[in-house]
Amino acid sequence: MTATSPATRPETAQEPVARPLWWGAVDGFVAGLVTVGLATLAAAALVAVGQSSGQPAPIAAVSGAFIDRTPPWLKDFAVSTFGTNDKRALLVGTVVVLALVCAAIGAVAMRHLVPALVAFALVGVVGAAAVMTRPGAGPLDVLPTVLGTVAGLWFLSRAAPAPTGAAGAANPGRRWLLGGAVGAVTAYLGGYAGGGSSAATVSRDALKSAPVKGTKLAIPAGADLRIPGLTPYIVPNADFYRIDTAIVVPRIDANDWRLKVTGMVDREVEIDWKTLQGKEMQEALVTLTCVSNEVGGDLVGNAVWTGWPVRELLALAGPKAGADMVLQTSIDGFTASTPLGALTDDRNALLAIRMNGEPLPFEHGFPVRVVVPGLYGYVSATKWVTELKVTTYEKDVAYWSTRGWSATGPIKTASRIDVPRAGATVKAGTVAVAGVAWHQHTGISKVEVQVDQQPWAEARLAADASIDTWRQWVYQWQATPGSHELRVRAYDAKGEAQSPLEAPPAPDGATGIHVVTVKVE
Ligand SMILES: Nc1nc2c(c(=O)[nH]1)N[C@H]1C(S)=C(S)[C@@H](COP(=O)(O)O)O[C@H]1N2
Ligand SMILES: [Mo]
């Protein structure tokens, strides 16, 4: 008989079994890794074979569920602390918390195996619950998390000492190495495969070479002052700010994309990618702004958008009298409440498919997003849009409006100094003070700069390309040595000055004057 036979047990049991607590913690951690790895890989497989349109990977699902339950103040804190990395920070946070919980369970398992296994299973149930409450979740979505959890339980029960103390005491290094390798490799493969659906990339690449049907836009030469340090008039896609609640950027195969118009309409209509391609496209310059932008902040950007006017699609459906809002829905569950009027009047509200001539980047909504001049992004600029429900403000409430933000989101007049930067040191003499000012769909008529307590002086405005975009401005300042405060204020095309009152972004956009302090030598 071999060493595993009952006859030899007493022999092994006589060895002193001194298992330090951290052994158990490592076992718990590795069990968690095995669970997450297998679940992530299985989730990627489920998506790859087209059996899931939800978020079957548990880590992403838990983070996503967390975001959707985040109070506005915490969201503001996350955006201001981590900027556009807020999602990565949340994913890392989720993983760290899970790792600690698993380690604790592993430590408990050394003494009390059954309660530890129950606790581990409960963690799995939390993951499964998050997965099943994600938008678009189907019954099969639960499988990856169940599979992973069962594997983790098995690992943990194997790691725990046998009643005699023999099995668990032997060779933990090998067990950790094997479990760790399985967990890490499957997590890596799952993350890799889940990150990019190749069909989506192929459909996006196909649009690169497709001809654009419609009119080309002419941008006046003088719209960009080309001053070093001044944000370019048109922001390149790679530098464009990004704000969304998607933990994993949706990668949609354009050929699977459909947009439905529902609700208070004469007839529901649906449009697919091929039909949209055949439409007469329009190019429009529109500056997007986030309501969370602080005074002087950079959550604003200008791009050329190519798309089909939303009003033409809505006209096919025929909105009924009494409707005053369109509830836009995205594949990721995000919703936006847009005033119906802004989508049916003559402004350039587009179902955009291109950004600065390129197919929309996945991060910015490929295959189709909405862009509406004059409204903050959270009430208008739905990425990965899938449904437009014609309705009323009384009946429906959108994603951020249930979280304390205003239901309608007209953009406020604002201005920003880009150069010199706050805290910069410049040479005495003529210094170009320059920046941007915006009030989309109204336009900017005047910008003024104030140095210290001197009278406000008029800046020179760059050429006006559209009332829907920001406008660059420059003021030639005769700088004298010392420390100076520079202020800017803008007037919209109606002659109204921006509000000097300091207000935070919530609930409907920040106001106040941007001030920078610079040193002159
Ligand atoms: N699907 C989806 N669309 C969305 C959001 C989102 O969270 N999900 N965020 C909105 C917000 S708050 C803003 S400011 C803009 C930002 O667009 P961008 O990321 O392309 O700059 O997208 C809007 N569209
Ligand atoms: Mo936003």
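Data overview
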| read-out | value |
| --- | --- |
| Criterion (charged (D, E, K, R) and within 16 Å of ligand 2 (Cβ to nearest atom)) met by exactly one of Arg311, Arg267, Arg369 | Arg369 |
| Options Asp256, Asp298: the member that is surrounded by fewer than 17 Cβ atoms within 10 Å (Cβ to Cβ) and either at pLDDT 95 or above or within 16 Å of ligand 2 (Cβ to nearest atom) (or both) | Asp298 |
| Residue pairs meeting the criteria (Cβ under 7 Å; at least 6 apart or on separate chains; first within 15 Å of Thr201 (Cα to Cα), in the range 236-257; second assigned to a loop (DSSP other than H, G, I, E, B) and among the small types (Gly, Ala, Ser)) | Arg251/Gly196; Arg251/Ser197; Asp253/Ser197 |
| Boolean, Leu143 is surrounded by fewer than 21 Cβ atoms within 10 Å (Cβ to Cβ), touching a Leu at 6+ places or on another chain (Cβ under 9 Å), closer than 30 Å to Thr335 by Cβ and among the hydrophobic types (A, V, I, L, M, F, W, C) | yes |
| Positions within the range 372-396 being away from ligand 2 (no atom under 16 Å from the Cβ) and in a loop (DSSP other than H, G, I, E, B), in sequence order | Thr392, Tyr393, Glu394, Lys395, Asp396 |
| Candidate set from the range 207-224 (those that are part of a loop (DSSP other than H, G, I, E, B) and small (Gly, Ala, Ser)); member that is nearest to Ile252 (Cα to Cα) | Ala210 |
| Exclusive hit being within 16 Å of ligand 1 (Cβ to nearest atom) and not assigned by TED's automatic domain parsing to the domain that holds Ala465, set Val372, Val390 | Val372 |
| All positions within the range 407-451 that are outside any strand (DSSP E or B), within 16 Å of Thr517 (Cβ to Cβ) and of a type outside the set (A, V, I, L, M, F, W, C) | Pro420, Arg421, Gly423 |
| Options Ala246, Ala238, Ala210, Ala303; residue that is over 30 Å from Ile417 (Cα atoms) and within 22 Å of the chain's Cα centre (by Cα) | Ala246 |
| Criterion (part of a loop (DSSP other than H, G, I, E, B) and either within 16 Å of Trp384 (Cα to Cα) or more than 16 Å from ligand 1 (Cβ to nearest atom) (or both)) met by exactly one of Lys274, Lys279, Lys260 | Lys279 |
| Enumeration of residues in the range 396-426 that are more than 23 Å from the chain's Cα centre (by Cα) and among the polar types (S, T, N, Q) | Thr413, Ser415, Thr425 |
| Subset of the range 277-301 (residues that are of a type in the set (A, V, I, L, M, F, W, C) and either touching a Pro at 6+ places or on another chain (Cβ under 6 Å) or closer than 29 Å to Asp68 by Cβ (or both)) | Val286, Leu288, Cys290, Val291, Val295, Leu299, Val300 |
| Residue among Pro56, Pro71 that alone is exposed (fewer than 14 other Cβ atoms within 10 Å of the Cβ) and modelled with pLDDT under 90 | Pro71 |
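Rundown of residues vs (1) in a strand (DSSP E or B); (2) at pLDDT 95 or above; (3) over 20 Å from Val371 (Cβ atoms), yes/no style:
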site: Arg226; (1), (2), (3): no, yes, yes
site: Val249; (1), (2), (3): no, no, no
site: Thr287; (1), (2), (3): yes, yes, no
site: Ala323; (1), (2), (3): no, yes, yes
site: Gln328; (1), (2), (3): yes, yes, no
site: Ala336; (1), (2), (3): yes, yes, no
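The values are calculated or read from the model by the stated rules, or taken from the named source; none is laboratory data. Predicted model, so just to flag it, every value in this text is computed and none were measured. FYI the Cβ positions are ideal-geometry reconstructions off the backbone, even for glycines, and counts take in every protein chain you see.
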